[in-house]
1. Regarding Leu199, is this residue more than 29 Å from Leu124 (Cα to Cα), open to solvent by less than 50 Å² (accessible area, probe 1.4 Å), in contact (Cβ under 8 Å) with a residue 60 or more places away in the chain and part of a loop (DSSP other than H, G, I, E, B)?
2. Output the number of the condition that Gln78 fails; it satisfies all remaining conditions of (1) modelled with pLDDT under 85; (2) within 30 Å of Gln212 (Cα to Cα).
3. If you check Thr190 against the conditions, is it more than 30 Å from Val317 (Cα to Cα), surrounded by fewer than 13 Cβ atoms within 10 Å (Cβ to Cβ), at pLDDT 95 or above and not acidic (Asp, Glu)?
4. More than 30 Å from Gly239 (Cβ to Cβ), outside any helix (DSSP H, G or I) and touching a residue at least 60 places away in the same chain (Cβ under 8 Å): does that describe Ile96?
5. Hey, can you tell me all the residues within the stretch 243-258 that are open to solvent by 90 Å² or more (accessible area, probe 1.4 Å) and either of a type in the set (A, V, I, L, M) or in a helix (DSSP H, G or I) (or both)?
6. Considering each of Phe140, Phe177 in turn, give the residue that is under 19 Å from Phe293 (Cβ atoms), in a loop (DSSP other than H, G, I, E, B) and either in contact (Cβ under 8 Å) with a residue 24 or more places away in the chain or in contact with a strand residue (DSSP E or B) (Cβ under 8 Å, 6 or more places away or on another chain) (or both).
7. Would you confirm, using the coordinates I've provided, whether Ile225 is hydrophobic (A, V, I, L, M, F, W, C), open to solvent by 40 Å² or more (accessible area, probe 1.4 Å), in a helix (DSSP H, G or I) and more than 17 Å from Leu312 (Cβ to Cβ)?
Amino acid sequence: MKAGDVRVGILTQGGAEWLGGVNYVNNLFKSLAMLPKLKRPNLSLIVPAHHIPALELHAPAIAIADQVLIVCPGSIPQPGGKFRIVSRLEEVFSFIDFAYPASPDILPDKPAAAWIPDFQHRHLPQFFSPGERAGRDAGFGLIAAKARMVVFSSESARKDFERFYPDAHAATRILRFSSIPDNAWFEGDTEAVRRKHGLPPDFLMCCNQFWQHKDHRTLFRALAILRAKGTILHVACTGHTEDYRNPDYYRNLMREMHALGIQEQVHVLGIIDRLEQIHLLRRALAVVQPSLFEGWSTVVEDCRVLGKTMFLSDFEVHVEQSP
C-alpha cells in the first residue's frame, strides 16, 4: 500500500480555552504536509460536535486537509466542498484507516492511537475538582486497559503512565511536537503590532491562559520585588482569562496585581490573533514561563523557532525540552 492510499484522520483538540491543543493539531497537519507527495497520507480533520464552535481556530489544518469530517447528528451552515457530515463518530472509519488522537469511546475496536498529554491532575490535584480528577482517571484508565498504542509528548508523561498503569499492555511512543513557522512569522511590521496593543517599546511576554497552574502570581510578585529595587519591567500577557476550575481566579489575581502596585506594568491582551502573537514574541525582550506544570510547552517551541531568550520554571518537562 502506498502512503497516499493510507487515510489518516486527526481529531480536533482544544479551543479558545486551550489553544495549545489547537496548535498541536495545526502543527500535525503542517508536519504531514511537508512530506514528499509519495509519502503523504490522505488527511482528514475530524471535528466532534463539541468542537464545532472552535472550528475556525483550526483553519491551518482545514486548508491542508483533504476532507473535513464533522460529527453532528444535524447539519451545519454551508456544508459542502471538502466538508462531510457524519452522524456518529464511528462512521468516520468509512473514510479513514487510522485515527489519532483517539478518544476512549472508539477504543479498542478501531485502528487508532490515543494521546495522553500529561498527568497534571495527579501532580497538582488541588487544582482539580474531585469529579474532574475521577473523570480523567477513568478516561486514562480506559486507554490503559484498551488502547493498542498510546502516544505521549514527553518522556516524563510516559514514565508517569508506566508508574500509574503498570499493567497496561499498549505500545508507547513519544512524539515531541515542534512549532512549524509560516513565512508570515518573519514578515510584517512588529512595531505596528506593538503599537496596536498599546505596549511600551520594551516589554516581556507571558503567553499562558490564566489558569492557576500557569502561576502568574509568581510573575506578578517578581515584578513587585524588582519595582521595589528600582527596576520597572512591563509584561504583555496573552491567553484566555477564564479558569473553568476556579471562576474567581482571574478576578482575584487582578486584585493582587493592584495591591502590588504593578497594574501599569501588566498588559493583559487576552486572546489575540495567532500571527499578532508571534509578531509580539519577535518584538519582546524575552519570554517568561512561570508555569507549575506542562505536558510539552508550545510556547517554548515557538520561542525556540524565533530564537527568543526564555525564563522558565525548572521542572522536569522544561528541562527535557532543553530549549
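The values are calculated or read from the model by the stated rules, or taken from the named source; none is laboratory data. From a predicted model like this one, the values you see are computed outputs, not experimental measurements. Note that we place each Cβ from the backbone using ideal geometry, even for glycine, and neighbour counts take in every protein chain shown. What goes into the accessible areas is simple: the full protein's heavy atoms, side chains included, and nothing from ligands, DNA or RNA. Shrake-Rupley method; radii C 1.70, N 1.55, O 1.52, S 1.80 Å.
1. yes
2. Exception for Gln78: condition (2).
3. Here the answer is no, as Thr190 does not meet what is asked.
4. Considered against the rule, which asks whether it is more than 30 Å from Gly239 (Cβ to Cβ), outside any helix (DSSP H, G or I) and touching a residue at least 60 places away in the same chain (Cβ under 8 Å), Ile96 comes out as yes.
5. Listed by number, the residues that qualify are Arg251, Arg255, His258.
6. Phe177
7. Yes, satisfied.
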